[in-house]
Every structure is written in structure tokens, then in C-alpha cells.
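The values are calculated or read from the model by the stated rules, or taken from the named source; none is laboratory data. Quantities reported herein were computed from a predicted structural model and do not represent experimental measurements. Reconstructed Cβ throughout: ideal geometry from the backbone, glycine too, with neighbour counts over all protein chains shown.
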Amino acid sequence: MRNIYLRKMTNKKEKCGRDKKMQGRLSVWLVKHGLVHRSLGFDYQGIETLQIKPEDWHSIAVILYVYSYNYLRSQCAYDVAPGGLLASVYHLTRIEYGVDQPEEVCIKVIAPRSNPRIPSVFWVWKSMDFQERESYDMLGISYENHPRLKRILMPESWIGWPLRKDYIAPNFYEIQDAH
Amino acid sequence: MNLSATEKDLMIVNMGPHHPSMHGVLRLIVTLDGEDVVDCEPILGYLHRGMEKIAENRTIIQYLPYVTRWDYLAAMFTEAITVNGPEQLGNIQVPKRASYIRVIMLELSRIASHLLWIGPFMADIGAQTPFFYIFRERELVYDLFEAATGMRMMHNYFRIGGVAADLPYGWLDKCLDFCDYFLTGIVEYQKLITRNPIFLERVEGIGVIGGEEAINWGLSGPMLRASGIKWDLRKVDHYECYDKFDWEIQWQKEGDSLARYLVRISEMTESIKIIQQALEGIPGGPYENLEIRCFDRERDPEWNDFEYRFISKKPSPTFELPRQELYARMEAPKGELGIFLIGDQSGFPWRWKIRPPGFINLQILPQLVKRMKLADIMTILGVLVIVWLEREISAGIQQRIGPEYAGPLGILQALADGTKLLFKENILPSRGNTRLFSIGPAIAVISILLSFSVIPFSSRLILADLNIGIFLWIAISSIAPVGLLMSGYGSNNKYSFLGGLRAAAQSISYEIPLTLCVLSISLRAIR
């Protein structure tokens, strides 16, 4: 299924030609089970990257957990382009006994800037507690069903999303790089 | 599970944000039922410094001093991850010798971090003495670091492609001596602490977490290894040259605080083993890969376009991050320290996300302290080993407008400074002449300010016809040395008096030639 979201990053997959993407193993498996996603090829270390729509994220998260990706190492959020979309990135891997160079996958969930709502996966991987709160605090992505979604680093009464590229720090009398 | 409530209402207690003994700032809102903890909510952000936002405007070399301030107990790890990310992005090979040096520094840093963890942890539990013993060993590590990098703590030693400078002559022998000494030190800690019954009472069975749950909560480092999961990024990722050495992952099965303590102690012994093997096997060769300093992109802008004309902070030619993204990680003493780096084909990264081990390990605290006693909170908190300053993002930092802009025409600061001179002395010398002492500065300032009144300003602040007032001006401004003399004399202190005399003599030595010059010109002019 074609998505219309912008992709800012060019990946290694570009070398394979525009129409034929190198699909990773997980992507192939997901396609086999008829799950909507978009493969973004591989990032620079060869980790498979997938792009998922916010509506499908909570079901695909459970599926990935069952597929035995039980360790969510890090969750990050960034804006794809100033004034563009916001992306929430999850790095998953699998911790098993005696494993060496385990499989990893990187999931990007992309939300529009005007209404950034992404389902929270706290109930699948508990390590999302503070990390989603931090993405909310810094970029304004609101995670639905998160038990305590409030600002964690900035004071509660702060207005604005500091890490967005178009953020202007108040009372700051130097040149700012806001796009 | 039904807790029989001993009181009718639960009590809510606020711990922090200030804590004694090197804990940094964390606020815990603890809900208590008697002495049992029902819930605990950590509130963070007190030391939020904006590291991620700052990173978007710095090149890697410019950013290195910042990263050592994330986790100051083990600064080498933060530097290592900062250079590892761009190295992996740029496919930069690190020479063998640099890799060995890095491993030695990292393991020394790991030992330093674990040492500094033991001190405050034991101090929280009640044993104050180890706090001093750890600093004895940590000073030796500091000495080694200072000899090699120049700084005891915030080293700024790692560079993209190697390290900044080679090890000095004799450093390897000193390091070997340190390893031998430290092994006896660890034995001392074992004797003091590990079989101490009070310590075991406090620490055994406290804050238990199982392996599955630990994985789900995203724990890493000794917290994870203490719960039975043999997961160490040095073995899993095969980074740097850890594969060349013979060492084992230290782990325990129980998952309580005692297990975490034991994991850290044995990790220190393993680190010594690694260091000894590295010191013996260190090869010669270059210590930095200087190839990365070849820049082939033409950077001269067009004549008279914006880049050419805007003369401001432009970074010198430096390593450019390609337009790729990656997640680099390493095994810091606290856990998995990671960087998610999105490059932007310029010196600055587009996004630099820090995955801090302490932040993520802290999430489990509310879960761990349920059903524990109040005193166990410190044990559990201590064993989580969180460096509160670790990394944060900030928006408005303390900024105020510069002094030359405050007030109408920017004169407010100067006026305030002058007014301050009149009121600043709030100590009056008891035996001096208090009247002269207080009036002295006033006379100096007021006469100078008064002298402005006789300067004939015309419209738009242009000096008008000089006929009137020039000598009046000299006369009024010469009152100022009298003020200096008065304050010097009234202070009842011969050095201040001498200072006043000197200042008065200086002012007069300007005034006399000035007056004579002006006098001669006016005499010539009024004819």
C-alpha cells in the first residue's frame, strides 16, 4: 500500500534502485501476514527500518512482542523536516540466552505536525514510561493511553515544545536557529 | 494483596530535590502507610541543561566538552560514544593502538565509576568509612588520567579516529602498578562490606525484580545482569577490541540489591583483568586516524552572497556527518548508553538523541519500592546508580538582556552603578571618622555627575560654544580628589589612607596639566 508521507533520509536502499526496495526479513514476514507497513530499507548499520502508520501501531507492537522482540532499547522522536512531520522512532531487539549479535529492528511511526497522536505502547514494553513522556515534553507528540502523560523535564507550566525545529526560546536575546 | 492499613489516611512525604552526599537532584513524592511505602513518584528535570538541543548546533569536536558533563563519574564513556557514532557513520577505521588505549581508558573509567558508586551507597546505608576509601583509589585513577589527558575528570580525550594524544612515557608501568594495588583494595572492600551482617540485613531481598520483567522495563547494565540475564554489550556487539581479551560477563541470579552490588564488585575485578591484558598487548603505531582531516568539499561561497557577507560564528572545516542515521551504543557502567544520530551533511547533526542508562533505569523505581519500608528507598535508589545530571534538554536558559540595552538609551546600568557607590558601604569603621567615610564616595560621584551639568550641550548632544563653563567644569570635577582623600582618611586604616592619597595624587596630576593647557588656549582665545 502506498503511503504519502515524506521520507527525509536516504538510506542504503537507494543503491538498489527506486522501485525495487531491499526488503528485510521482518518486512517480508509482515507482508506475508498481510500487515500494512512500509519498509524503509536499512539504516547505516544495516538495521532494518520500517515505517508504520499511527493507527496500526498498537497492533503491530503486540505482534512484534509476540514475535519475541522483547527489549525496547530506546525511543526517540524527531521532526522529519521543519514544519513537516514528526516521527517517533523505536529500536527493538531481542534478548535471549546465549545470543550473539541479535536481530534488531527500528520502527518509525510518523504523525502529522498539526495533530500528532500516536498510541502508546507502554502496556507492551514498560520501558516506554519515561521515554514517551520525554517525547511528549520535547516534541509534543501525544501518546494515547499512556498512564501519566505529563511533562517530565520541563516545568509543568511550560508552553511550547522545545526540541522542535521551529521552537523559539523565550527571552533569549541571541540569534536562534529556529527554521 | 491486601495491606492492612495501620492508619486511616496515607501520608505523602516529599524527599528532595536536594539530597546530601553526592546524590544530585531528584524529587520523590512518596506515599506512605506508616513505614511501608505504597507509591512513589519521581519528579525529574531539575538539572535539565539542553544537551540535545545544544548538540544540534555544535560540531562533534565542539560538543565533546559537553558530553563529559553528562555522566561525570565515567566521562570516558560519554566521549567514546560521541566519537563512535560519527566513526560508524563515516566508516572510519581506528588504529589498533588507539583502540587499545581507548579500552584501557574505558575500563579505568568503569572502575572509577563503580568506586564512586560504592561510597555514597554505603554512606546512605549507614557506613561512612568506605566513602573515604574509594576516594583514595579514585585519586590514583585521576592521576593516571591527568598524566595522559591533562584533566582529572572532564578529559576531552577521544577524537574521531582515535585519541587526542599518545600515552606519556612510563604511563603503562604506572598503570600496571595501579592494577596490582587495586586488587588488594578490592579484597579490602570485600572484607569490610560483603560479609558484614548489617550490610546483608539492609540489602538482601530488597528491591527484587525478575529477569523477564527487567527486560520489559528496559533495564540495562548491572541491573539487568543482577537479575539473571547475561547481557553485556561488550560481548554482544563486539565493539572496540574487547574480543582480544579473555574475560567473562559477571552476573547474578537473585535480582535483589545484594546481587547488584556483587555484580559491580566483580565487574571491577574483571576490568582489572582486561586492563592488564591490554597493557601487556598494546601495539605500537599511530594513535589517531588523521585521514579524516582531508576535506574534499569546496567550501568557498560565492562572492557577495549571504554566506560570504554574514561574518559570524562559522565552524572551521570539520568532519561532516553524512545524511544517514544510526544508533550507536556501548556498555557504560550504569547501563546501555546510546546515541541515535541523524546526520545532515553538515558539521552539525540534525538530531542527537541520548539514551541515558540512568534515566531508563529510574523508571522501575515506583515498582520496586512498593511494599518496602521507607528506609529501603535509599538502598534501592542507591543501587540504581543514577547520575542525575546525566543528560537533558532545555529551552529557555537563564538569559537577560545585556547591560548596554537596559533602560532608556541604555543608561540604566551606568546610573545603577553610580548609585550603588553611594550606598554600598554598609560596614563603617568604628574608630574612623564615620561622617567623612560615608560622604567621601558621595562627593566623588556627585561632583563628576554634576560636571555634566555645565557642559554646554546643544541640540542633539553636540557641544555648543565653549566660552562658558570650561573652568567651572574643571573646578567642579576637581572636587573629586577631595572625596577620595576623605574616604581614605576616614577609614582608620593606613593602607586605605595611602590608597586614597595615591588616587588623589593621580587625579590631581591629571588636573594640573589639563588646567594649564586649557588656560593657555583660553587666554589666547579671549584676546
(message) What pairs come out if I take residues in the stretch B:57-82 that are closer than 15 Å to B:E107 by Cα and within 14 Å of chain A (Cβ to nearest Cβ) and pair them with residues that are crowded, with 22+ Cβ neighbours inside 10 Å and not charged (D, E, K, R) whose C-beta lies under 9 Å away, six or more apart or interchain?
(response) B:I81/B:V67; B:I81/B:A328; B:I81/B:A332; B:I81/B:L337; B:I81/B:G338; B:I81/B:I339; B:I81/B:I354
(request) Given the conditions (1) under 20 Å from B:I339 (Cα atoms); (2) modelled with pLDDT of 90 or more, report the number of the one that B:P95 does not fulfil. (result) (1)
(request) Output yes when any residue across the stretch B:120-141 is crowded, with 17+ Cβ neighbours inside 10 Å, modelled with pLDDT of 90 or more, in contact with a helix residue (DSSP H, G or I) (Cβ under 6 Å, 6 or more places away or on another chain) and more than 20 Å from B:V263 (Cα to Cα), and no when none is. (result) yes
(message) Tell me whether the stretch B:38-54 contains one or more residues that are in a helix (DSSP H, G or I) and not charged (D, E, K, R).
(response) yes
(request) Could you check B:T194 against (1) surrounded by fewer than 17 Cβ atoms within 10 Å (Cβ to Cβ); (2) among the hydroxyl-bearing types (S, T, Y); (3) within 23 Å of B:Y142 (Cβ to Cβ) and say which number it fails? (result) (3)
(message) Residue pairs, Cβ under 6 Å, 6 or more apart or interchain, first in the stretch B:491-515 and closer than 16 Å to B:F437 by Cα, second surrounded by 12 or more Cβ atoms within 10 Å (Cβ to Cβ) and aromatic (F, W, Y). List them.
(response) B:S491/B:F437; B:F497/B:Y489
(request) Take the stretch B:493-525 and flag every residue that is closer than 30 Å to B:L428 by Cβ, surrounded by 15 or more Cβ atoms within 10 Å (Cβ to Cβ) and of a type in the set (S, T, N, Q). (result) B:N493, B:S496, B:S507
(request) Within the stretch A:99-114, track down each residue that is at the interface with chain B (Cβ under 8 Å from one of its Cβ atoms), in a loop (DSSP other than H, G, I, E, B) and of a type outside the set (V, I, T). (result) A:D100, A:Q101, A:P102
(request) Looking at (1) facing another protein chain (nearest Cβ under 10 Å); (2) more than 29 Å from B:R58 (Cβ to Cβ); (3) within 17 Å of the chain's Cα centre (by Cα), find the lone condition where A:P119 falls short. (result) (1)
(request) Quickly run through the stretch A:62-94 and pick out the residues that are within 10 Å of another protein chain (Cβ to nearest Cβ), assigned to a loop (DSSP other than H, G, I, E, B) and crowded, with 17+ Cβ neighbours inside 10 Å. (result) A:N70, A:V80
(message) Tally up the residues in the stretch B:364-380 that are surrounded by 22 or more Cβ atoms within 10 Å (Cβ to Cβ) and part of a loop (DSSP other than H, G, I, E, B), please.
(response) 1
(request) Please enumerate the residues belonging to the stretch B:350-360 that are touching a Gly at 6+ places or on another chain (Cβ under 6 Å) and part of a helix (DSSP H, G or I). (result) B:P357, B:I360
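Condition check ((1) in contact with a Cys (Cβ under 8 Å, 6 or more places away or on another chain); (2) over 30 Å from B:R195 (Cβ atoms); (3) in a helix (DSSP H, G or I); (4) among the aromatic types (F, W, Y)) across all residues:
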| position | (1), (2), (3), (4) |
| --- | --- |
| B:W70 | no, yes, no, yes |
| B:L73 | no, no, no, no |
| B:E79 | no, yes, yes, no |
| B:L89 | no, yes, yes, no |
| B:A98 | no, yes, yes, no |
| B:I104 | yes, yes, yes, no |
| B:E107 | no, no, yes, no |
| B:M122 | no, no, yes, no |
(message) Just the residues that are under 16 Å from A:I63 (Cα atoms) and among the aliphatic types (A, V, I, L, M), please, taken from the stretch A:93-123.
(response) A:V105, A:I107, A:V109, A:V121
(request) Pull up the stretch A:115-124, narrow it to residues that are part of a strand (DSSP E or B) and touching a helix residue (DSSP H, G or I) at 6+ places or on another chain (Cβ under 6 Å), then point me to the one that is surrounded by the fewest Cβ atoms within 10 Å (Cβ to Cβ). (result) A:P119
(request) Would you please list the contacts, defined by Cβ atoms under 7 Å and residues six or more apart or on different chains, that run from a residue in the stretch A:132-159 that is away from every other protein chain (no Cβ under 13 Å) and within 19 Å of A:S74 (Cβ to Cβ) to a residue that is buried (at least 16 other Cβ atoms within 10 Å of the Cβ) and β-branched (V, I, T)? (result) A:I141/A:I118; A:Y143/A:I118
(message) When the residues of the stretch A:42-61 are narrowed to those that are away from chain B (no Cβ under 11 Å) and in contact with a helix residue (DSSP H, G or I) (Cβ under 8 Å, 6 or more places away or on another chain), which ends up modelled with the lowest pLDDT?
(response) A:E48
(message) I'd like to check something: does the stretch B:203-221 contain any residue that is farther than 30 Å from A:V121 by Cβ and either assigned to a helix (DSSP H, G or I) or modelled with pLDDT of 85 or more (or both)?
(response) yes
(message) Taking the criterion of being over 22 Å from B:R152 (Cβ atoms) and within 14 Å of chain A (Cβ to nearest Cβ), would at least one residue in the stretch B:108-124 satisfy it?
(response) no
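Name the residue that is farthest from A:T93 (Cα to Cα), counting only residues in the stretch B:234-259 that are facing another protein chain (nearest Cβ under 10 Å) and touching a residue at least 12 places away in the same chain (Cβ under 8 Å).
So in the stretch B:234-259, the residues facing another protein chain (nearest Cβ under 10 Å) come out as B:235-238.
When the remaining residues are screened for being touching a residue at least 12 places away in the same chain (Cβ under 8 Å), the result is B:235, B:237.
On the way: B:K235: 15, B:D237: 12 Å.
If we take residues in the stretch B:234-259 being facing another protein chain (nearest Cβ under 10 Å) and touching a residue at least 12 places away in the same chain (Cβ under 8 Å), then B:K235 is farthest from A:T93 (Cα to Cα).
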(message) Looking only at residues that are small (G, A, S) and within 11 Å of another protein chain (Cβ to nearest Cβ) in the stretch B:214-226, which one is surrounded by the fewest Cβ atoms within 10 Å (Cβ to Cβ)?
(response) B:A214
